[in-house]
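S.K.: I'd like to ask you about the structure that follows.
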Amino acid sequence: MKRIVILISGRGSNMLSILDSDLPVIVAAVISNRADSPGLDIAKARGLPALAIEHRNYAAREDFDSALAEKIDGYSPDFVILAGFMRILGNDFVARYSGRLVNIHPSLLPAFAGTRTHRRALEEGVRIHGCTVHFVTEKLDHGAIIIQAAVPVLENDTEESLSVRVLEQEHKIYPEAIRWLALGRLKLEGHRVLLGNPGMQPDALISPSLDAR
Ligand code: GRF
């Protein structure tokens with residue numbers, strides 16, 4: 001079975017969705033850049049190796065990245081899974097795990113790369129928002145896209161309500177993307193990820209619905 005190391009920074013709900021999804025992977029460790037991440041307690045309660053490498057203890061980004069990579073490599077993972085990991089990783093780190101490093105981002109990339117995605121989606125007035133699982137490359141939030149889920153933006157949405165609906169979809173798509181990765185189903189062709197047999201595809205997600213009167 002393939003081995004994964006999950007990197008988190010906070011509550012760890014995406015990590016939990018991965019742990020609960022009966023995936024064909026061994027979760028070798030969960031690592032946070034913050035010792036007070038609630039997600040670390042969840043991982044420990046599941047009997048998983050869970051540890052923190054505090055980014056604050058490193059003056060330079062590269063030093064933190066090296067310490068992190070050294071720890072990760074100690075668990076010999078096939079894939080490194082960023083699940084709400086809120087540190088930007090340097091080019092050397094990204095190159096070291098090229099093709100083996102994936103992230104979940106709370107927007108329909110390439111729209112709204114970076115932070116505060118839900119607020120920006122509301123400010124821009126988009127009608128459809130969502131989340132993306134992608135390979136990590138040197139350019140922030142721009143690696144090849146594995147899977148996306150879209151949700152309608154409702155007229156009474158707040159940043160909070162929108163984030164809740166997007167998160168629900170994150171918890172569905174991330175485990176599935178990891179399953180495909182672990183099973184070797186994903187093929188990278190240029191900037192596109194091909195998944196041999198993608199199943200039934202919806203015609204469209206239209207928002208507001210054409211039923212609006
Ligand atoms: C998620 O919305 C993820 O997409 C973003 O940060 C949030 C982390 O949530 N990068 P959690 O720690 O997985 O609950």
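The values are calculated or read from the model by the stated rules, or taken from the named source; none is laboratory data. These numbers come from a predicted model, not from an experiment. Here the Cβ is made from the backbone with ideal geometry for all residues, glycine too, and neighbour counts use every protein chain on show. Remember, those area values only see protein heavy atoms, side chains included, never the ligands or the DNA or RNA. Shrake-Rupley method; radii C 1.70, N 1.55, O 1.52, S 1.80 Å.
S.K.: Would you list which lysines come within 25 Å of residue 187, measuring only between C-alpha atoms, while excluding same-chain residues fewer than 8 positions from it?
M.R.: Straight-line reach from residue 187, under 25 Å: 2, 139, 172.
S.K.: In Å, what Rg and Dmax follow from the Cα atoms of segment 171-213?
M.R.: In order Rg, Dmax, the Cα atoms of segment 171-213 give 15.0, 46 Å.
S.K.: Would you mind computing, in nm to one decimal, how far apart the modelled labels at residue 207 and residue 113 are, each placed 7 Å from Cα along Cα→Cβ?
M.R.: So the two model labels end up 2.2 nm from each other.
S.K.: Please identify every one of the GluC sites (Glu not before Pro) in segment 123-191 that sits in a loop by DSSP and has no more than 13 other beta carbons within 10 Å of its own beta carbon.
M.R.: The qualifying sites are 155.
S.K.: Taking the chain on its own, what percent of its Cα-Cα pair distances exceed 20 Å?
M.R.: Value for the chain (Cα pairs over 20 Å): 59 percent.
S.K.: Just to verify a number: what accessible area does residue 58 come out at with the full protein assembly present, 1.4 Å probe, Å² rounded to tens?
M.R.: For residue 58, the solvent-accessible surface is approximately 80 Å².
S.K.: Then there is this: Excluding ligands, DNA and RNA, what is the solvent-accessible area per residue of the chain at a probe of 1.4 Å, expressed in Å²?
M.R.: Per-residue value: 53 Å².
S.K.: In deg cm²/dmol, rounded to 500, what helix-only [θ] at 222 nm does the chain give when every DSSP H run of at least 4 residues adds -39500 (n - 2.57) and the total is split over its residues?
M.R.: Dividing the helical sum by the residues of the chain leaves -9500 deg cm²/dmol.
S.K.: Keeping the other protein chains in place, figure out the carbon and sulfur percent of the accessible area of segment 107-213, with a 1.4 Å probe.
M.R.: 53 percent
S.K.: If you don't mind, there's one more thing I want to ask. DSSP loop trypsin sites (Lys or Arg not before Pro) in segment 103-164 with at most 15 other Cβ atoms within 10 Å of their Cβ, which ones?
M.R.: Filter output for segment 103-164: 116, 127, 139.
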